[in-house]
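Every read-out reported here was derived from the displayed coordinates using simple, explicitly stated rules and does not represent laboratory data. All values reported here derive from a predicted model rather than from experimental measurement. Here the Cβ positions follow ideal geometry from the backbone for every residue, glycine too, while neighbour counts run over all protein chains shown.
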Amino acid sequence: MKKIRFIAPIVILMIFALTAGGCGSSGGDNKTAEKYPTKPINYVIAFNAGGQSDIEARRQQPVLEKTLGQPITISYKPGGGGAVAWAELVNQKPDGYYMAGFNIPHIILQPLERKDSGYKTDQINPVAIFQKTIVGLAVPKNSPYNTLEDFINAAKAKPGSITIGGSGTNTGPHLYTLLLEKEAGIKLQYVPFTGAAPATQALLGGHTVAMAGNSDDLVKYPDKIKVLGMASPERFKALPDAPTMKEQGYDIQVSVDRGVAVPPGTDPAIVKQLEEAFMKIANDETIKAQMLKEGFEPVAMNAEQSRKYIEERTKVFTEIFNSLGQTQK
Amino acid sequence: MLNSTSISSFAFLIIAAAAWYMTGDLSKMGSFFPRVIAVMMGIFAIIQIAVSLLQKKKEEPFSGIDAKRVISMVLGISLYVALIMLIGFILSGILFLAFFFWYLERGGDKSPSMARSLILAVLITGAFYSVFHYIFLVPLPVGMLFGG
Amino acid sequence: MTENMLVAIGNVFDPASFLLMTLGVAGGIIVGALPGLTATMALALLVPFTFSMNAYASLMMLGGVYVGAMYGGCIAAILVNTPGTPASIATTFDGYPLTKKGKAEHALVTAAFSSGIGGVIGALILLFLSPPLAEAALKFGPPEYFWLSVFGLTIIATLSTGSMLKGLIGGAFGLLLSTVGISPIGGDMRFTFGFYQFQAGLELIVVLIGFFCIPEVLAMIEKKLGEQTITSYKPQKGVAKQVILELIKKPVLLIRSSLIGAFVGIVPGAGGNIASLMAYNEAVRFSKDKSKFGTGIIDGVAASEASNNAEVGGSLVPLLTLGIPGAAPAAVMLGALMIQGMRPGPELYTTYGDITYTFLFSFVLANIIMLVLGFYGSRHVARVINLPVSMLAPIVVFLTIIGSYAIRNNMLDVGMMVFFGLIGYITKKTGFTPGPIVLGLILGPIAENGLVQSMLMGQAAGSMFQVFFTRPISVVLIILCVISVALPVISSIRNRKGGASIA
């Protein structure tokens, strides 16, 4: 019993500390943005730990902490191709302490194709867009196709017999395939994989003829694959030898853009502060160089530009989506 | 004969039928696999029902248990989950642990001490909360009452 | 190469790096032991710290965490029947019965020793055989994955204790559960019941904790006070020595399990959970006394643990040679490599040979550190089960709740965990054991992806038959499936002829 008497005050203290901590970290109703941030900020990753979004957030974390003066807590809410995290994001309190990474075209295509995605594209309140990957067409080094033209001719000769792998359904690579089919008037067999790694594996193993992949994956295998066409307006800096689709007469532009967003209705002053912190990273020369080397195109779009970009892309994608006859399931 | 095996197999048969029904309006590629599985599950379940109806085996799956303890634990866990959403991880954890430390001890040689249960509950909750919150940076729920 | 290796040996024994690695192993063990915290999560947490560290030390530490977490999973599996990581599912089959008999220390030492052996074998394979094996891994295309999962499903025969039919129903139920969420092909919403959270599908660990742990907690308290089912653990001298001597007499079991683990690891996408289940299955198949499995023998624990630690080395084979991660934690390691400016592929062994070999050697060493920590820890850890049930049961529930939340920060997961726990309790009482159900849940996505992708390939090739039945590895896998279905049937017929009764 003696022991217990000794422990009791400590326990009571702990209850106080814990409950007080619990309330304190949540009680901050919309205070003025001047004092923001006064507590750690949650940065939610919509994909698994160790994925590209995670790595990017981990790179930003120390810089954000320095600029904002508060710890940044990174946590993961993977599932549904990101949809679960975004559905959660739009229902959070707009106090500036909850932000989530987002991807285009995911946030546009998911609400288009699913009834229950849990959020609408215009509810995603962007702070900044900081990087993009370009979708490109790749074949193995030993493939008989050396140019986009070879590939398209082969597909014309035997419609539907050429397999093209990519990560997921209604994703950047899938969209690219659909557009290529439409522009070139060919029929391909798209095979969706559960991610970029299995799609690459199937390509290298010769199980699929070609792959629509993101530039960060395409740069990883310079001695194993040939890149036949990048869906960007200009040549991609990390792959200077790969021609663009446009150069070869097909006006196809598909990229996957990454940014960060806060719940709708967040105080513009808070958005401004976060935006500045992210812009600082986006304009950092060392980080930009790192990104390029890893196969990303660094971009620096602020909140306003990001919003306009999302609106513009939504229009484009909705049109493509409808014209290709993909309807909501 | 009608025993727990045939009843539970019947439940699995219903699940299989429901799965078949629910995948009706999906795309061909999206519904193929679940439908194949649903059919297999249905067939196995029907065989199992037939077998257990023919075999005259009596089953008493829930004999020899202290139903009161089990039911209170089940209710306790359910209430605990609901409480986490309402009042957050820390308080609900303390309440749950303290109650069951005390409750499960009842009927023993000594009468259980409520104070001791409470102290242990606070220590354990605090320790794990600290580990998850501060070391592994898992943001644990704070509960709706506290604005979570 | 030799030059790089010499540099590497020097690096491995650099005191600071060595210390970091030991800390990594210890931390990994703790992470693995707590349900809901995974090796992947621990590695991701550490990645930012490696920005500022040199490549040697950071990779050694990450490797240590990976190895430690893989072992740590067995602790919760053995003591409270909760797989700390999915890779230790098979460890529960014999580990927990051993604990019930008061032999928790036997099980823990077995796990430490076999994990060490398995880990070292996996590391040696990684060190010497990576390039050819990585090429072989590439031969695995969608049809092969499909057949691999079918082969995996034949394990149901081993896992269904009592009734095969109930095992099959359970397996199908597990496969069906695996289809909840967005369909991998077509993007349909399946069985989401209008909850957006279900888009994510059911999280394996959440269902595992529910099916394995909650029924066990309820079983702990369902008896009146005083008639408990768990024999208390009494520390004895010489347990470790005795267990190790016994295990050394079973080299075939350990090596076979390790090779299975390493092989499964090399095939990207098939992880430690499948490795340990397959190794357990083969241990039963080759055993003379099959009926003893599941009642608490160290062979079962050894098979599972040797293979899931060998899987770690295996999963790094395609990562280092091709840049394709064999498992989720390996994907995080890839991120860490890229941060150090290294790119997977041949240049890892040439340009960056010093770093790569340092990492590979440290991997062997990490396994040995783990073994030592496991030995000395076992005796103390085993005491946990001496807590009275009135304390153990609520604490275990508390841990399952926090664990199922932490895995995806999702409250619905906690609800699902409890829901499946109750289903598990009832179905277990009626003879549907959780083994086949979780097997179905694990193999479901691999089976479905393989099946539907192969069908798409078949459409393109104009022949389904050609895609499914003519590829060499597929044919081998089909033969294995046939054998593993046919063998028990043949042997039971033979037994019947011999007058023995069939089980």
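Could you line up A:K226, A:K132, B:K57 from fewest to most neighbouring Cβ atoms inside 10 Å?
Sorted ascending by nearby Cβ count, the order is B:K57, A:K226, A:K132.
Sorted by mean Cβ packing within 10 Å, highest first, what order do the peptides C:465-477, B:31-43, C:326-338 take? Walk me through the numbers on the way to the answer.
Numbers: C:465-477: 15.5, B:31-43: 20.7, C:326-338: 25.1.
In descending order of packing, they fall as C:326-338, B:31-43, C:465-477.
Taking beta carbons within 10 Å but only from partner chains, what does the mean come to for residues C:456-462?
Shielding by partners across C:456-462 averages 6.
Which percentage, to the nearest 5, of the DSSP beta bridges contained in the protein assembly as shown is antiparallel?
Counting only bridges with both partners in the protein assembly as shown, antiparallel ones make up about 65 percent.
Run the count for region C:230-336, please: Lys pairs, Cα-Cα under 19 angstrom, 8 or more apart or on different chains.
Close lysine pairs found across region C:230-336: 8.
What percent do you get for the relative contact order of region B:4-54 when only Cα pairs under 8 Å and 6+ apart count?
Reported as a whole number, the value is 57 percent.
When a/c reaches 1.5 or more, the comparison of a/b and b/c decides; with that in mind, is region B:4-54 rounded, prolate or oblate per its Cα gyration tensor?
Numbers: a/c = 4.57, a/b = 2.67, b/c = 1.71.
Judged from the Cα gyration tensor, region B:4-54 comes out prolate (a/c at least 1.5, a/b above b/c).
If each DSSP helix of 4+ residues adds -39,500 (n - 2.57) and the sum is divided by the residues in chain B, what number results at 222 nm, nearest 500 deg cm²/dmol? All intermediate terms of the calculation are to be shown ahead of the outcome.
Values: 5 runs with 101 residues, N = 148.
The helix contribution divided over chain B gives -23500 deg cm²/dmol.
Between B:L137, B:L118, B:L26, which gets the highest mean-square fluctuation from a Gaussian network model of chain B, Cα cutoff 10 Å?
Of B:L137, B:L118, B:L26, the most mobile in the Gaussian network model is B:L26.
Highest mean first, how do C:211-222, C:154-165, C:433-444 rank when packing is the count of other Cβ atoms within 10 Å averaged over residues?
Taking the mean over residues of other Cβ atoms within 10 Å, the ranking is C:433-444, C:211-222, C:154-165.
Can you list the residues, at least 5 places off or on another chain, whose amide H is less than 5 Å from the amide H of C:K223, using H built in the peptide plane?
B:D66
For C:L202, C:L59, what ranking results if the residue with the fewest other Cβ atoms within 10 Å of its Cβ goes first? Each step should come with its number before you reach the end.
On the way: C:L202 21, C:L59 26.
Least crowded to most crowded, the residues run C:L202, C:L59.
Could you put B:W20, C:W147 in order, starting from the residue whose Cβ has the fewest other Cβ atoms within 10 Å?
B:W20, C:W147
Just report the Cα centroid separation between region C:7-77 and region A:253-270, whole Å.
Cα centroid of region C:7-77 versus Cα centroid of region A:253-270: 35 Å apart.
Can you classify region C:137-217 as rounded, prolate or oblate using the Cα gyration tensor, where a ≥ b ≥ c are the square roots of its eigenvalues, rounded means a/c under 1.5, and otherwise it's prolate if a/b beats b/c and oblate if not?
Note, shape of region C:137-217 comes out oblate.
Name the residues whose placed amide hydrogens come within less than 5 Å of the amide hydrogen of A:I225, ignoring near sequence neighbours (fewer than 5 apart) on the same chain.
Close amide H contacts, sequence-distant or interchain: A:K141.
When we measure straight from the Cα of A:K293, which lysines land under 21 angstrom away, once same-chain ones fewer than 8 places off are left out?
A:K132, A:K220, A:K224, A:K226, A:K237, A:K280
If you count, for every residue in B:96-103, the Cβ atoms of partner chains within 10 Å of its Cβ, what is the mean? Show your work: numbers first, answer last.
On the way: counts 4, 5, 1, 1, 8, 6, 2, 3.
Other-chain Cβ atoms within 10 Å of each residue's Cβ, averaged: 4.
Give me the percent relative contact order of chain A, please, defined on Cα pairs under 8 angstrom at least 6 residues apart.
23 percent
Averaged over its residues, how many other protein chain Cβ atoms are within 10 Å of peptide C:198-209's Cβ atoms?
3
Over chain C, calculate the relative contact order: mean separation of alpha carbon pairs under 8 Å at least 6 apart, over the residue count, as a percent. Let's see the in-between values first.
Values: 964 pairs, mean separation 143.2, N = 503.
The value is 28 percent.
Calculate how many DSSP beta bridges within chain A are antiparallel, expressed in % of all such bridges and rounded to the nearest 5.
If we restrict to bridges inside chain A, about 60 percent are antiparallel.
Listed highest first by mean packing, meaning other Cβ atoms within 10 Å per residue, what order do C:123-130, A:191-198 come in?
Per-residue Cβ counts within 10 Å, averaged per peptide and sorted highest first, yield A:191-198, C:123-130.
Starting from the Cα gyration tensor of region B:67-146, take the square roots of the eigenvalues, sort them a ≥ b ≥ c, and report rounded, prolate or oblate (rounded when a/c is under 1.5, otherwise prolate if a/b is larger than b/c, else oblate).
oblate
Please compute the net charge surrounding A:K141, taking Lys and Arg as +1 and Asp and Glu as -1 over other residues with Cβ under 11 Å from its Cβ.
Once positives and negatives cancel, what remains is +1.
Can you spot the lysines whose alpha carbon is less than 27 Å from A:K115's alpha carbon? Ignore those fewer than 8 places along the same chain.
A:K77, A:K93, A:K182, A:K308, A:K315, A:K329, B:K28
Sequence neighbours fewer than 8 away in the same chain don't count; with that in mind, list the aspartates and glutamates whose C-alpha is under 14 Å from C:K103.
List returned: C:D94, C:D299.
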